[in-house]
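Presented below is the structure to which this report refers.
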Amino acid sequence: MADPLVVIVGAGPAGVRAAETLALAGLQPILIDEAERPGGQIYRQPPAGAVRPGIYGLEIRKAAGIHGVLAGLGAVDYRPRTLVWNVFQDRLDLLTIEGHGEQRFDRLILATGAMDRALPFPGWTLPGVFTLGGAQIALKSQGVSIGRRVALVGAGPLLPLVAHQYVGAGAQVVAVLDVTPFAPKLLQLLGLAAEPGTLAKGLWYTARNRMQGLAAAYGVRAIRAEGKRQVEALIYKDAMGVEHRIACDAIGASCGLRSETQLADLAGCAFVFDQVGRQWVPQRTGQGRSSVPAVYLAGDGAGIGGADAAELQGRRTALAVLEDLGRPVDLAEAARLDRRLARQARFRKALENAYPFPDHLLDDVADEEMVCRCEGITAGALREAARDKDAAEINRLKAFTRIGMGRCQGRVCGHAAAELLARASGVGIEGVGRLRGQPPVKPIPVLGGVP
Amino acid sequence: MTERLTTDVTIIGGGVAGCAAAVALRRVGLKVVLLEKGACGAGASGVNFGGVRQQGRSLVELPLARRSRAIWDKLNEMLGEDVEFEATGHIKLARSEADMAELERYARDAAEHGLELQLLGANAARADLPWLGEKVVGASLCAEDGAANPRLVGPAFARLARRLGADVREHALVNAAAREGERFETRTDALAVDSRFLVNAAGIGAGKVASWFGEEVPLGPVVPNMLVTEPLPIFVTRSVGVCGGDVYVRQVSRGNVIMGGGRGWGDAELLHSGPTTDQSLTGMRKTLDLVPALRGAHIIRTWAGIDGQMPDRIPVIGFSATTPDLVHAFGFSGHGFQLGPVVGEIIAELIADGRSPSPIEPFAITRFAEASVLPAAAAGVEH
Ligand SMILES: Cc1cc2nc3c(=O)[nH]c(=O)nc-3n(C[C@H](O)[C@H](O)[C@H](O)COP(=O)(O)OP(=O)(O)OC[C@H]3O[C@@H](n4cnc5c(N)ncnc54)[C@H](O)[C@@H]3O)c2cc1C
Ligand SMILES: Cc1cc2nc3c(=O)[nH]c(=O)nc-3n(C[C@H](O)[C@H](O)[C@H](O)COP(=O)(O)OP(=O)(O)OC[C@H]3O[C@@H](n4cnc5c(N)ncnc54)[C@H](O)[C@@H]3O)c2cc1C
């Protein structure tokens, strides 16, 4: 009997560790990623040939670990620059430089990771406004800063981290503004101590930023970008309600992360509502099994857990695959991973609580504010449809207004739209449902020359 | 606890047909309860290509299509909102001499029903649509055909029905209906509706409803496969179809180009469907033959939907053959969006007057009892 075909989508920490575990167990997994080199978001690499010393900071060893794994494993069939744009039954649809293609699988591990959660604020569509993750990608991949005078604003651990990385790279960071209050961060110290190493790093980043004269402001509200053709200033109110204006030519702004769940949706996985992430995520067991027998989930793609958890989950999920294939599994290793994942989960919960969801940003969105830039849909249009057409459910809102029907298919605007709809119709965010996905998960070109 | 309602007419199914019927029935003063399994206008009516097309229909459908077309002109006013109907013209392309002969024949026949078509040679077709690909040898243009936004039409009819006093219940799956004496009893998990008349406008679910009344109909699923690009500069100024119906293209005013072709997968029982990649890729290739300029344009979404299809590709519209006061309207075979508004009026006429001025005899349900083999209509696969 031929070896079962295990395909992994995503070569971030989760996918790479899953591939490694399977390869060491004697399988020959296929590892697919649309990026050019392995590493995923956190350990994203510059283009081949480029050297960017220092970009991984304290994570340099982990980064090198992930980057080096594949080279040492002949058994992994690694396919970079390959977009998986659909899953149907036991088949993946692919897009490569050569054109459209497909890949069959017996078992599928989705390790698709996360992207920034962008929330609208006045001026957020001006050229020069990036997400925090986007600002980081510019640095790690292209080796450039997003501007000469950079203001960073938002919520989540990426905020102090990106500030630290920008300063380290010699960029001029003119403000670090946290839209969540400071108090919860102190309150959560105990929970954060579940991962003392990570906590220490977080404190270190914050301390370093402070030493470099970059004290973050907390509890910032009413943020606004201004500029004629492009960003010229960031305006905000501090925790005391005093307005400030900071001249800058680029802004990095986002509030935490959201899981990239579209492939799991197309694969038919059942979803559950994640109260902390305020997002519907594919249901997964601690071992990485989804509700669909042949489909497994690892890493941030099924709920945000961070890079260390992603590595652990990648390994743990691979063990579940091996077990389900009737292969021998190191039970002690499985138990060790389960214990470490439990500790990670405590840390993550504390971290999320330290950065409570910035409701005030959404409460403040004015009617004329653009929510979906692809289709040009304002908050007012969404509120009007909710009110006049009783669109109390997000797919209904999509049908009436085209929200989520543009290039991003709701990956960027979907969260904000759901939050606004929940407020307009007086139900919780959970009550408005989730956008139904359709292939392709990212745009694909019209091409001929296929069978 | 079961809620009990009493009404004149119960409608099963909140697609365009059912919702338009609710409006027309309220207009003649009848009490209406409409029961929709999901959200109104979210089935075939909400996910279709949006073609408001008369050209190419079976000739027996043309009188209905003509009457419906007149309603489309007044629809915004009637519904109180813009459903993005535009008479862009529908052009049907011939890719061979045989195709062209078919178009010529059809144009002659259609003229007898008052539908004026303009036949164009290759040069004239190219003058109208300069971006046309190599394969086109001629075309037939129906200037008054066009398209509308399907996501808006059904829900707008449902809201109008509500404003007119119809009791429209969404997320109300009918799981039983029966005739008891002179009345109907229609049930969902939470509701029991007692009515004098019953309308079966349940789309692909209509076969099951008919079977509750001892009527077996050869209703099968048809699952058109659809693709849409990102917004592009406007250049596809007309709704475009071909002889054979295997590909069709239009561009919405936002700039997105919608193309259809081939079949998706569908589960008629669960009313669940989706696109299939092989069909999407084939659809792309065929579209490129007609519209080479689309090469490299980005597809941002593909989808499918399920409509009920009859073996002869024309619907069932009219009274039940087994049960008095039961009216069927289903089996639109992939082209019932354009007909929706008139089907609503016809249903109301049948209920209020016992007959319709429109010639609906060809759509009798009894046709399946009589003939064992039915000829497929010439233009069967168009939407
Ligand atoms: C922009 C950004 C920056 C981040 N920076 C940090 C950081 O500095 N520090 C930190 O601790 N955390 C960071 N994170 C959080 C990050 O999610 C996790 O730390 C970690 O990268 C999660 O690992 P993962 O393996 O689950 O997913 P990822 O690392 O996100 O890897 C997922 C991989 O899947 C690929 N992929 C996804 N969908 C498809 C598809 N359809 N077809 C083909 N390939 C696909 C992607 O190209 C990517 O390489 C960042 C997140 C984002 C979005
Ligand atoms: C992809 C696609 C493209 C198309 N393109 C075109 C086109 O361009 N032009 C054109 O004219 N036509 C087109 N059509 C056909 C057109 O959409 C349909 O013929 C028309 O919408 C049918 O309307 P309807 O009201 O009969 O059915 P539907 O819209 O399907 O409505 C039936 C409703 O009944 C409900 N229902 C079913 N069972 C039950 C039950 N037991 N209890 C309660 N409710 C129930 C369903 O949920 C559904 O909402 C297309 C169809 C599809 C799928």
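Below, the figures for the structure above:
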read-out	value
Value of Rg/Rh across chain B [Cα atoms, Kirkwood radius]	0.97
Shielding of B:289-296 by partner chains, average beta-carbon count, 10 Å	2
Structure-based [θ]222 nm, the protein assembly as shown - -39500 (n - 2.57) summed over DSSP H runs of at least 4, per residue, nearest 500	-9000 deg cm²/dmol
Anchor residue B:37: lysines whose Cα lies under 30 Å away (excluding residues fewer than 8 positions away in-chain)	A:389, A:398, B:74, B:208
Under 17 Å from the residue A:364 label point (7 Å along Cα→beta-carbon), backbone N, segment A:141-180	A:151-156, A:175-180
Segment A:88-185: chymotrypsin sites (Phe, Trp or Tyr not before Pro) in DSSP coil with no more than 12 other Cβ atoms inside 10 Å	none
Accessible area of residue A:204 in the full protein assembly, 1.4 Å probe (Å², nearest 10)	110 Å²
Under 26 Å from residue B:135, Cα to Cα: lysines that are on another chain or at least 8 residues apart	B:92, B:286
Cα gyration tensor shape of segment A:118-255, rounded if a/c is under 1.5, else prolate or oblate by comparing a/b with b/c	oblate
Average beta-carbon neighbours from other chains, 10 Å sphere, peptide A:431-440	3
Per residue accessible area of the protein assembly as shown, 1.4 Å probe, in Å²	39 Å²
Peptide A:82-91, shielding by other chains (average Cβ, 10 Å cutoff)	2
Residue B:171 paired with residue A:77, simple spin-label distance in nm, labels 7 Å along Cα-to-beta-carbon	4.6 nm
Point-to-point label distance, residue A:50-residue A:436, nm (Cα→Cβ direction, 7 Å offset)	4.1 nm
Two-site label geometry, residue A:62 and residue B:272: point separation in nm, points 7 Å out along Cα→Cβ	3.8 nm
Fraction of accessible area attributable to carbon and sulfur, segment B:234-364 (%, probe 1.4 Å)	51 percent
For segment B:225-261 versus segment B:288-314, the gap between their alpha-carbon centres in whole angstrom	8 Å
Per-residue SASA entry for residue B:253, accessible area with 1.4 Å probe, Å² rounded to 10	90 Å²
Ranking by accessible area, most exposed first, for A:237, A:201 with a 1.4 Å probe	A:237, A:201
Chains B and A together, accessible area buried on both sides, 1.4 angstrom probe, square angstrom	2900 Å²
Longest DSSP-loop-exposure-free segment, GluC sites (Glu not before Pro), chain A, at most 13 other Cβ within 10 Å	A:99-367
Carbon plus sulfur fraction of accessible area for segment A:365-432, probe 1.4 Å, in percent	49 percent
Radius 10 Å from Cβ of residue A:45, net charge of other residues (Lys, Arg +1; Asp, Glu -1)	+3
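The values are calculated or read from the model by the stated rules, or taken from the named source; none is laboratory data. Being a predicted model, the structure only gives us computed values, none of them experimental. All Cβ positions, even for glycine, are placed from backbone atoms using ideal geometry, and neighbour counts span all protein chains on display. In case anyone asks, the SASA skips ligands and DNA or RNA and just uses the protein heavy atoms, side chains included. Shrake-Rupley method; radii C 1.70, N 1.55, O 1.52, S 1.80 Å.
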